[in-house]
Amino acid sequence: MATPARAYPHHEMNRMIPGEFVGPGQGVGGTPTRFASAVLPRLASDPANDREFTCLDLVQVSLADNPYDWTWAALSEAGVYTWGHTIGLNLGEPWRFVTWAFGAPRVYTAAYAEPLAPEDIAALYGPDAAGSARQDYKAVQLKLTRES
């Protein structure tokens, strides 16, 4: 059995951008009250101003000691057939990431970037991100390109 990642001990990571992944044929609605998805830009990124940036794909995972609680963790290659947006990206579908973190809705085209080895995560994303990632699989990186 694989060793699970140590989940980040809070409900939010510093610098994470909450939002929603929107699949083909789906519209962008009003601002959700709770976000099921998030991304974490690289330390060198300025997502408030960058038209394009690379980020970790963050997913919600249940805590082992409290299955009714959850935290954010970096998605690994082992989980790309678990989440709707990554299943869609695997099939070549056009998926978008929408965030309200900068005031008005922003829509980004989502595409896979190169997977990242666990030992490289801390340098690009910080120690908290590295601590949230599995050590036995590469982490999923996305390239987000702003549409609006």
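The values are calculated or read from the model by the stated rules, or taken from the named source; none is laboratory data. These numbers come from a predicted model, not from an experiment. Cβ atoms come from the backbone with ideal geometry, glycine included; neighbour counts cover every protein chain shown. Remember, those area values only see protein heavy atoms, side chains included, never the ligands or the DNA or RNA. Shrake-Rupley method; radii C 1.70, N 1.55, O 1.52, S 1.80 Å.
Quick notes on this structure:
- Region 17-42, residues that are open to solvent by less than 40 Å² (accessible area, probe 1.4 Å), touching a helix residue (DSSP H, G or I) at 6+ places or on another chain (Cβ under 9 Å) and assigned to a loop (DSSP other than H, G, I, E, B): Gly23
- Assessment of region 96-103 against the conditions (modelled with pLDDT of 95 or more, open to solvent by less than 70 Å² (accessible area, probe 1.4 Å), among the basic types (Lys, Arg) and within 18 Å of Glu20 (Cα to Cα)) yields at least one matching residue.
- Under the condition of being over 13 Å from the mean Cα position of the chain (by Cα) and under 18 Å from Gln60 (Cα atoms), the residues counted in region 105-148 number 7.
- Residue check, Ala73 open to solvent by 20 Å² or more (accessible area, probe 1.4 Å) and either assigned to a strand (DSSP E or B) or small (Gly, Ala, Ser) (or both): no
- Screening region 49-70 for residues that are of a type in the set (A, V, I, L, M, F, W, C) and modelled with pLDDT under 95 and picking the one that is least open to solvent (accessible area, probe 1.4 Å) gives Val59.
- In region 105-148, residue least open to solvent (accessible area, probe 1.4 Å) [restricted to those that are touching a Ser or Thr at 6+ places or on another chain (Cβ under 7 Å) and among the acidic types (Asp, Glu)]: Asp136
- Positions within region 54-74 being in contact (Cβ under 8 Å) with a residue 40 or more places away in the chain, under 19 Å from Lys138 (Cα atoms) and not aliphatic (A, V, I, L, M), in sequence order: Thr54, Cys55, Asp57, Trp72
- Subset of region 88-139 (residues that are in a loop (DSSP other than H, G, I, E, B) and within 23 Å of Pro32 (Cα to Cα)): Pro94, Trp100, Ala101, Phe102, Gly103, Ala104, Pro105
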